Structures are given as C-alpha cells and as structure tokens.
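Notes follow the structure.
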Amino acid sequence: MKNLLIWTVAALLFSPFVSAQEHPSVTALPNTVYVGADGKFETNPDTAVIEFSISAQEETSGAAYDRASKQAEQARQILRSNGVDPKTAQIGYFAIQPVYDYKTPKRKLVGYRVNTNVSVKLKDFVKIGPILQQLASADITDSQQLNYTLEDKDNAKSKAVEDAYRHARESADAVARAGAHNVGDLIYASVDTFENPIPVRPMMMAAAAPRANMEMTQPPTAEFSPQTVTITAHVNALFQLK
C-alpha cells in the first residue's frame with residue numbers, strides 16, 4: 001500500500017506538470033517520485049547601456065550627412081573625455097530620407113534628414129551622469145535610453161538552478177515521508193533558466209536640456225539601492241525512493 005501511495009502521488013505530480021511546461025515525457029518507474037520546482041537568484045546589474053540617436057536635417061542630403069558626421073565626432077570626443085574608447089560603442093548606418101511639407105496641396109521637398117543610433121556599454125556607473133549631461137549640453141541628441149543589465153549571467157544562473165533544485169528536493173522529501181520512504185539517487189533532471197529584464201525607460205532630452213549645465217554634486221541615485229536583475233530557474237527531477 002505504501003508503494004502504491006508513492007506511485008499515485010508521483011503520477012499526480014507528473015501528468016499536469018509536464019503538460020504545463022511542455023517538457024519531454026519521463027517514464028516514471030515504481031518507487032520513484034517526480035517533482036518540479038522554481039528557484040531564483042537576484043543580483044546587481046554589472047553593465048549600463050546608454051542608447052541615443054543622432055539626427056540632422058538640412059536642405060541637401062550632403063549637408064545633412066556632414067552635420068550628422070560632425071555630431072558623431074562630438075559624441076566620440078565626449079566618450080574619450082570620460083575615459084571610454086569610442087571603439088566600444090556601436091553605431092548604426094546613416095539613414096537618409098527626404099523631408100516634405102504636406103501643408104500645400106502638392107507636397108514640397110524641404111530638405112533631408114539623416115538618422116542613426118548609438119549604443120554604449122559601461123561597466124563604471126560613475127561615468128553615466130557626466131556622459132548623459134555632456135550629450136545634452138552638446139545638443140547631439142533629442143532622446144536617450146538608459147538601461148541596466150547583467151552580462152555575466154553564468155554564475156547567477158547556477159545560483160538560481162541550485163535554489164530550484166533545493167526546492168525540488170524538499171518537495172520530494174515531503175512526498176517520501178508521507179509514504180514512509182526516503183529519497184534516494186537522482187535519476188533524471190531537466191533545467192530551464194530565465195532572466196527578468198529591467199524595463200527600459202526613455203529619457204527625452206528636451207525636458208532635461210535646461211538642467212544640462214547644472215553642476216552634479218552627487219548622483220541622483222545616491223544612497224539608493226540599485227534595481228536588481230532576477231534570474232529564475234525551473235527544475236524537474238525524478239528521484240529513486242528507498
């Protein structure tokens with residue numbers, strides 16, 4: 001009867017869980033227990049990503065291209081002045097498009113606009129404020145995005161998997177005790193890990209421009225805890241019962 005109890009509980013755990021997670025079927029054997037559990041690990045981000053646009057409009061495409069090129073050089077100088085190698089930044093291609101005046105019955109070509117995007121990754125968060133401030137002061141961009149992420153994910157994933165496995169083992173121990181058994185060797189396991197990204201919040205520089213020349217006595221985030229990155233894991237495990 002005890003073996004039948006353990007087999008029944010294992011079957012109840014197994015059927016709906018596999019269906020929900022869409023994992024490959026596992027053939028449960030007598031005197032085994034199949035469990036699934038979630039785990040997580042929270043850590044501070046290690047990388048800041050600054051993304052900003054470069055946009056220039058002139059009467060001719062050549063003039064617009066030259067102006068955008070000068071703005072790109074200004075951005076490179078700002079990075080160099082803050083100890084950031086411009087080669088570490090990624091820039092998109094220069095997209096040129098005509099600009100029309102649609103207020104008249106027949107649209108009128110009034111100029112050309114050149115657009116591109118720049119992305120910069122920073123490990124030293126102290127440099128974020130000065131770079132954003134100088135970009136605004138130079139009137140290079142009208143929009144910026146600042147996001148934090150975790151690039152070194154391997155250790156965080158391992159910690160999340162360990163947490164999920166611990167919960168799975170605790171569930172297996174509880175089922176085993178209900179049937180007067182002990183949990184034996186691990187027969188099978190599957191692992192999935194996920195990252196919960198920090199949402200990106202765009203910053204419009206038009207609103208920030210009046211404050212661009214203000215001295216930053218301390219970062220606005222001083223004495224606050226940084227928003228963490230959460231890595232979650234799910235573990236399915238099949239244990240032998242003794």
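The values are calculated or read from the model by the stated rules, or taken from the named source; none is laboratory data. Because the structure is predicted, anything quoted here is derived from the model rather than measured. Heads up, the Cβs are rebuilt from the backbone with ideal geometry, glycines too, and the neighbour counts pull from every protein chain shown. We work out accessible area using only protein heavy atoms, side chains counted, and drop any ligands, DNA or RNA first. Shrake-Rupley method; radii C 1.70, N 1.55, O 1.52, S 1.80 Å.
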| request: Kindly check whether there is at least one residue in the range 166-178 that is open to solvent by less than 20 Å² (accessible area, probe 1.4 Å) and closer than 27 Å to Asn44 by Cα. | output: yes
| message | Being of a type in the set (A, V, I, L, M) and more than 30 Å from Ala189 (Cα to Cα): is that true of Ala156 here? | response | no
| remark: Among strands (runs of 3 or more DSSP E) entirely within the range 56-164, at least 2 residues that are buried (at least 16 other Cβ atoms within 10 Å of the Cβ) and in contact with a strand residue (DSSP E or B) (Cβ under 9 Å, 6 or more places away or on another chain) occur in 108-122, 143-149
| remark: Restricting the range 163-190 to residues that are under 30 Å from the mean Cα position of the chain (by Cα) and modelled with pLDDT under 95, the one farthest from Ala237 (Cα to Cα) turns out to be Ser190
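Out of the range 41-77, which residues are touching a residue at least 60 places away in the same chain (Cβ under 8 Å) and of a type in the set (A, V, I, L, M, F, W, C)?
Result: Phe41, Ala48, Val49, Ile50, Phe52, Ile54, Ala75.
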